[in-house]
Amino acid sequence: MERFLFRFDKEPALQAALEADAADAFDGYGLDEEERRTLRERDLATLYEWGVHPLLIRNFAGTLGLSYVQAYRARGLGTPLREPFSLHRTETSTMKETDIRSRWVLANGVRTHYSEAGHDGRTLVALHGGGAGSSGASGMGPVLPLLGRDFRVVAPDSIGGFGLTDTSVPTPYGLISRAAHTADFVDALCLDKFSVLGNSQGAWSGAYYAMLHPDRVEKLIIVSSLTIATSMGIKQEPNEAMRALMGYDGSREGMKRLLEALIIDKSRITDQLIDDRQRAATRPGALEAFRRMAQGIDFVRNDPVLKLQTQWQEALPALTRRIPTLILWGTDDTFAVPATGHALAEMLPDARIEWVEGAGHQVQTDAPDRAAAIIREFLNG
């Protein structure tokens, strides 16, 4: 849908074909019958309900001479482009700050899925970790509604085969490619200043983004990141949790083992969580995208020039002197073990570290109430 609207804004021939209701107007865009009907009937309100980016809808409306504002307000959304992502509100229902909404945005041409909680207030961009099948919802879900009481929280599904985001996107530079997608994502949402919360690989991507755009990141929160520790030169021996994560074989049992390596509280590993991550990890193209991401990480690590961008012994301490930084680490983390967290804290004296008792690698999943309380206090301080 977004690809059609993007091309429609630029191609008079496509505009004429839709105006004439030509039979081939939608050929090559993979649109189903409901999507075709919505476009034929110029049903802008449904486009909003589906989560299509407001700028694409505005351009579509303007080209056809339609009332953009009227369609926007048909969903009870107030002033256009001031709160364009509260898209599932209707005239008979209102959203709560604790709702988690599914959203889509075109981020520099990449169809990107994200989860969102909260309404007004400062924005927090939450970046999930790198295990197969991870996503904004599965990686950050337990804390999204809790933090949504105070902030607008957006949690994108990364490129690299994660969540529902397009699996065809190249990731030649591994996590550097992922950080570039983060930059495209926040630009697509028209975010100017915001804080960043990242777990594991997500923390690396968020920190790298902050190094490139320190003027746009207000505060940084790092949750149990062996990836960052490695970029700081901290060594950690391979362990069983790492082998479970890297050894995911595409099976449901493999996904269960992966989650048991990351989450200490086994009651949090529900059948729904396993199934959601398994579906994401095994959808068409996802495993291939995941492998390409790993290859990109290895390429950067071994390239004599690119690997310099992953050596942060000077850059990260300088960043934490400039941007207030919080480190959350689980006392029972079996993946990025506590000794690694202590070593990182020693190298970042300007960062604040909080140890969360009984939590593993996904502190936000094992102890969501405690994690949300610490994050809320830090962001409000």
Inset, instruction - Would you kindly derive the ³J(HN,Hα) couplings of the range 151-160 from the backbone phi angles with the Karplus curve 6.51 cos²θ - 1.76 cosθ + 1.60 (θ = phi - 60°), listing them in order in whole Hz, with x for Gly and Pro? - result: 9, 8, 10, 10, 10, x, 7, 6, 5, x
Inset, instruction - Just tell me which lysines come within less than 27 Å, Cα to Cα, of Lys10; anything on the same chain fewer than 8 places away is out. - result: none
Legend entry - Mean accessible surface per residue for the range 113-216, computed with a 1.4 Å probe while every protein chain stays in place, in Å²: 24
Inset, instruction - Report P(r) for the range 105-164: all Cα-Cα distances, bin width 10 Å, range 0 to the bin holding the largest distance, values in whole percent. - result: 27, 50, 23, 1
Legend entry - In Å², nearest 10: area of Tyr173 left accessible to a 1.4 Å probe: 100
Legend entry - Normalised contact order of the range 223-381, rounded percent, pairs of Cα under 8 Å and 6 or more residues apart: 31
Inset, instruction - Kindly report the accessible area of the range 269-310 per residue (heavy atoms of protein chains, probe 1.4 Å, no ligands, DNA or RNA), in Å². - result: 59
Legend entry - Per-residue [θ]222 nm for the chain (sum of -39500 (n - 2.57) over DSSP H runs n ≥ 4, rounded to 500): -12500 deg cm²/dmol
Inset, instruction - Have a look at Thr46, Thr112, Thr182 and tell me which one the Gaussian network model of the chain (Cα, springs below 10 Å) gives the largest fluctuation. - result: Thr46
Inset, instruction - Excluding residues on the same chain fewer than 8 positions from Lys256, give the lysines whose Cα lies under 23 Å from its Cα. - result: Lys266
Inset, instruction - Starting from the Cα of Lys219, draw a straight line to each of the aspartates and glutamates and keep only those under 14 Å, dropping any in the same chain fewer than 8 residues away. - result: Asp192, Asp350, Glu377
Legend entry - Placed amide H near Arg111: partners under 5 Å, 5+ positions off or other chain: Asp166
Legend entry - For Ala126, distant residues with modelled amide H under 5 Å away: Val154, Ala155, Leu197
Inset, instruction - Starting from the amide H of Ile353, placed 1.01 Å from N in the peptide plane, find each other amide H under 5 Å away whose residue is 5 or more places distant or on another chain. - result: Ile327
Legend entry - Most mobile of Gln364, Gln272, Gln311 in a GNM of the chain (Cα contacts under 10 Å): Gln272
Inset, instruction - Please turn the phi angles of the range 349-356 into ³J(HN,Hα) values with the Karplus equation 6.51 cos²θ - 1.76 cosθ + 1.60 (θ = phi - 60°), one per residue in order, whole Hz, x for glycine and proline. - result: x, 7, 8, 9, 10, 10, 9, 10
Legend entry - Apportionment of accessible area to carbon and sulfur, the chain, percent (1.4 Å): 50
Inset, instruction - First measure r as the distance between the Cβ atoms of Glu34 and Glu11, then evaluate 1/(1 + (r/R0)^6) with R0 = 35 Å and state the FRET efficiency to the nearest 0.05. - result: 0.90
Inset, instruction - Starting from the Cα-Cα distance between Lys307 and Thr331, subtract it from 0.36 nm times their residue separation and give me the gain in nm to one decimal. - result: 5.6 nm
Inset, instruction - Could you tell me whether the range 320-381 comes out rounded, prolate or oblate from its Cα gyration tensor? Rule is a ≥ b ≥ c as square roots of the eigenvalues, rounded for a/c under 1.5, then prolate if a/b exceeds b/c, otherwise oblate. - result: oblate
Inset, instruction - Under a 10 Å cutoff between Cα atoms, tell me which one of Ala336, Ala20, Ala286 has the largest fluctuation in the Gaussian network model of the chain. - result: Ala20
Inset, instruction - Before anything else, pin down the relative contact order of the chain: Cα pairs under 8 Å, at least 6 apart, normalised by residue count, whole percent. - result: 14
Inset, instruction - Using only alpha carbon positions, build the gyration tensor of the chain, then give the equivalent ellipsoid semi-axes as the square roots of 5 times its eigenvalues, largest first, whole angstrom. - result: 37, 22, 20
Inset, instruction - Could you pull the accessible area for Ser158 with a 1.4 Å probe, rounded to 10 Å²? - result: 10
Legend entry - Estimated inter-spin distance, Arg322 and Cys190, nm [label 7 Å along Cα→Cβ]: 2.7
Inset, instruction - Starting from the Cα of Glu354, step 7 Å along the direction of its Cβ; do the same at Asp43; then give the gap between the two resulting points in nm. - result: 4.5
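The values are calculated or read from the model by the stated rules, or taken from the named source; none is laboratory data. As the structure is a computational prediction, the values presented were derived from the model and not from experiment. Here the Cβ is made from the backbone with ideal geometry for all residues, glycine too, and neighbour counts use every protein chain on show. Side chains are part of the model used for accessible areas, which takes the heavy atoms of the whole protein and leaves out ligands, DNA and RNA. Shrake-Rupley method; radii C 1.70, N 1.55, O 1.52, S 1.80 Å.
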